[in-house]
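The values are calculated or read from the model by the stated rules, or taken from the named source; none is laboratory data. As the structure is a prediction and not an experimental result, all values here were calculated from the model. In this analysis, Cβ positions are derived from the backbone assuming ideal geometry, glycine residues included, and neighbour counts consider all displayed protein chains. The accessibility values were calculated without ligands, DNA or RNA, using every heavy atom of the protein model including side chains. Shrake-Rupley method; radii C 1.70, N 1.55, O 1.52, S 1.80 Å.
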Amino acid sequence: MTNHDQPTGRRPSKLASALQNAVTRVHSVLYRISNGVIGGRLASCPVLLLSTTGRRSGKERTVPLLYLMDGRNVVLVASNGGAVRHPTWWLNLQTSCEAWIQIKSIRRRVKAEQASAAEKQRLWPRLTAMYPGYRRYQEITDRDIPVVILRFIDPDG
């Protein structure tokens, strides 16, 4: 693969990745113990905790993410800051689509699916209005950034 054939997008350094992981862990702990009072908003956007099952480790992995409510559904953007690769949480959801989310003090089981092209077209303007950075992330990467819809799993069936 020649240099010009390399996919474009941000490639975080090992140090940047380690720092991001540390910040993510601290953010998640503070969010959990405060029920979202601390860490429940970022850049004027609402934040939830998403807990997935690691596709390789089988361990629970939790990350704070911006979200948008769309009726009864929760919408996420698998932007990974415009990085070349999808975020790990999205790769985990592709292996096992069921996960847990926590919004403030409420924890619920969800099932994830990638938005269809029509759903993404409808949601993308709302997502970029909420957080304009998503538009820039799409501009700096060759990959089509997935929009992910989380549907609550009815505990009764």
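Summary of values
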{"item": "Relative contact order for the chain, counting Cα pairs under 8 Å that sit 6 or more residues apart, in percent", "result": "26 percent"}
{"item": "Within the chain: Cβ-based charge dipole about Cα centre, in debye rounded to nearest 20 (Lys, Arg +1; Asp, Glu -1)", "result": "420 debye"}
{"item": "Among VAL77, LEU30, LEU123 - extreme Cα towards positive end, dipole of region 12-147, charges at beta-carbon", "result": "LEU30"}
{"item": "Computed over the chain, the ratio Rg/Rh where both radii use C-alpha atoms and Rh is Kirkwood", "result": "0.96"}
{"item": "Within a Gaussian network of the chain (alpha carbon springs, distance under 10 Å), most fluctuating of GLY58, GLY40, GLY81", "result": "GLY58"}
{"item": "Heavy-atom accessible surface of the chain: percent carbon and sulfur, 1.4 Å", "result": "54 percent"}
{"item": "GNM flexibility winner over the chain from LYS104, LYS59, LYS120 (Cα, springs under 10 Å)", "result": "LYS59"}
{"item": "Length-normalised contact order of region 87-157 in % [C-alpha pairs under 8 Å, at least 6 apart]", "result": "34 percent"}
{"item": "For GLY54, distant residues with modelled amide H under 5 Å away", "result": "LYS59, GLU60, ARG61"}
{"item": "Efficiency of FRET from Cβ geometry, GLU60 and ALA22, R₀ 22 Å, rounded to 0.05", "result": "0.80"}
{"item": "Net charge, LYS104 excluded, C-beta distance under 15 Å - Lys, Arg +1, Asp, Glu -1", "result": "+4"}
{"item": "Using θ = phi - 60° and Karplus 6.51 cos²θ - 1.76 cosθ + 1.60, couplings along region 86-101 (whole Hz; Gly, Pro as x)", "result": "5, x, 4, 4, 6, 4, 4, 5, 6, 7, 9, 6, 8, 8, 10, 10"}
{"item": "Bridge type composition, the chain - antiparallel percent by DSSP, nearest 5", "result": "95 percent"}
{"item": "Helix-only [θ]222 nm of the chain, DSSP H runs n ≥ 4, -39500 (n - 2.57) each, per residue, nearest 500", "result": "-10000 deg cm²/dmol"}
{"item": "Calculated Rg and Dmax of region 63-156 using C-alpha coordinates, Å", "result": "13.0, 43"}
{"item": "Derived scalar couplings ³J(HN,Hα) [region 47-62; Karplus, 6.51 cos²θ - 1.76 cosθ + 1.60; whole Hz; x for Gly, Pro]", "result": "10, 10, 9, 10, 10, 10, 9, x, 5, 9, 7, x, 8, 5, 10, 10"}
